[in-house]
Amino acid sequence: QVQLLESGGGMVQAGGSLRLSCVASISTFSEYAVGWFRQAPGKEREFVASIRWSTITFYGDSVKGRFTISRDNAKNTLYLQMNSLKPEDTAVYYCAAAWQSSWTNSPSDKYWGQGTRVTVSS
């Protein structure tokens, strides 16, 4: 059974940084593609970043150059380093996983964590 648990959200001022973590209870973690999505009030769930085959990364246009995704397979943990945060980054951030061969950068067909809230003040 796949279980994902996010942590690290909070409130920061614009220009600040946060590091999100997601611990995955997956025995074959290295065989899964993992990523982050976010959802702001009144908006659709949005792709943020993904990592496949442990090294291949992909970012949404709105976060390129500011966010960095990484994973530690030995710890079954996914990270999202968020720098230069903007008020428009305010959202609930969700960890997602899918079998590597089936991964797409869309919200469909994913295992999900419960989300962690990020608030960026002006």
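The values are calculated or read from the model by the stated rules, or taken from the named source; none is laboratory data. What you see is a predicted model, and the numbers here were worked out from it, not measured in a lab. So basically every Cβ, Gly included, is an ideal-geometry build from the backbone, and we count neighbours across all protein chains shown. Heads up: the accessible areas ignore ligands, DNA and RNA and are worked out on the full protein's heavy atoms, side chains in. Shrake-Rupley method; radii C 1.70, N 1.55, O 1.52, S 1.80 Å.
Determine which single condition N83 fails, assuming it passes every other condition in (1) closer than 19 Å to Y32 by Cβ; (2) open to solvent by 50 Å² or more (accessible area, probe 1.4 Å).
The number of the failed condition is (1).
So how many residues does region 24-53 have that are without any contact (Cβ under 8 Å) to a residue 60 or more places away in the chain, over 13 Å from Y111 (Cα atoms) and hydrophobic (A, V, I, L, M, F, W, C)?
5
Just give me the residues in region 94-112 being crowded, with 20+ Cβ neighbours inside 10 Å, more than 15 Å from F58 (Cα to Cα) and either modelled with pLDDT under 95 or touching a Phe, Trp or Tyr at 6+ places or on another chain (Cβ under 6 Å) (or both), in sequence order.
Answer for region 94-112, where residues must be crowded, with 20+ Cβ neighbours inside 10 Å, more than 15 Å from F58 (Cα to Cα) and either modelled with pLDDT under 95 or touching a Phe, Trp or Tyr at 6+ places or on another chain (Cβ under 6 Å) (or both): just Y94.
If you go through region 47-98, how many residues are of a type in the set (A, V, I, L, M, F, W, C), out of contact with any helix residue (DSSP H, G or I) (no Cβ under 8 Å at 6 or more places or on another chain) and farther than 30 Å from S122 by Cβ?
The qualifying residues number 5.
Here are some conditions: (1) closer than 21 Å to L5 by Cα; (2) modelled with pLDDT of 95 or more. N83 meets all but one. Which one does it not meet?
Condition (1) is where N83 drops out.
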